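The values are calculated or read from the model by the stated rules, or taken from the named source; none is laboratory data. This is a predicted model, so every value here is computed, not measured. Don't worry about glycine lacking a Cβ; one is built from the backbone with ideal geometry, like all the others, and counts go over all protein chains shown.
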Amino acid sequence: MLSRLESYKLRQYGRDRWRACCPACGGTNGSKLSVGEGDSGAVLLRCWAGCEAEQVAHALGLELTDLFPPKLTHHSSGKPARRRMLSAGQALDLLDAEMTLAIVCSADMAAGKALDEPTRERLLKSAARVSMLKDEARA
Ligand SMILES: [Zn+2]
């Protein structure tokens with residue numbers, strides 16, 4: 001990451017803190033991009049002109065996911081590292097399935113059909129599952 005920013009007037013100005021020109025909007029004019037390292041080892045990007053971290057990553061030929069370490073650990077907080085149980089792809093597949101259920105139910109309701117009790121319970125479970133997926137993705 002830092003080696004890619006070297007051509008953008010990268011300079012260090014503190015421990016784990018750098019500044020560079022924003023590759024997404026600034027080119028080589030002005031030092032508008034703050035670069036830092038988060039507690040988890042993730043690269044933190046902040047463009048003062050308002051570019052999203054994703055835009056900056058793309059301008060460097062990287063994906064947003066490249067800014068995060070392969071395995072998140074929490075050394076600084078002292079909490080044990082938690083392993084993800086699902087891959088991002090699996091989480092999205094499950095999310096897709098829950099969304100399909102919601103669409104089917106709303107189509108039934110739009111057609112004037114009342115949802116029966118088991119379906120309502122299934123929908124509540126679906127909401128709980130999506131909430132679990134959110135926690136999982138942030139783990
Ligand atoms: Zn920018």
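Annotations
- The lone criterion from (1) over 23 Å from R138 (Cβ atoms); (2) within 16 Å of the ligand (Cβ to nearest atom); (3) not small (G, A, S) left unmet by E6 is number (2).
- Hits in region 108-129 - residues which are without any contact (Cβ under 8 Å) to a residue 24 or more places away in the chain, among the basic types (K, R) and either under 18 Å from A97 (Cα atoms) or part of a helix (DSSP H, G or I) (or both): R120, R122, K125
- Here G61 meets each of (1) at pLDDT below 85; (2) among the small types (G, A, S); (3) more than 13 Å from the chain's Cα centre (by Cα) with one exception, condition (1).
- Every listed requirement among (1) more than 15 Å from the ligand (Cβ to nearest atom); (2) modelled with pLDDT of 85 or more; (3) closer than 30 Å to R129 by Cα is met by E54 save one, (1).
- Qualifying positions in region 37-55 - more than 13 Å from M1 (Cα to Cα), not hydrophobic (A, V, I, L, M, F, W, C) and not in a helix (DSSP H, G or I): G38, D39, S40, R46, G50, E52
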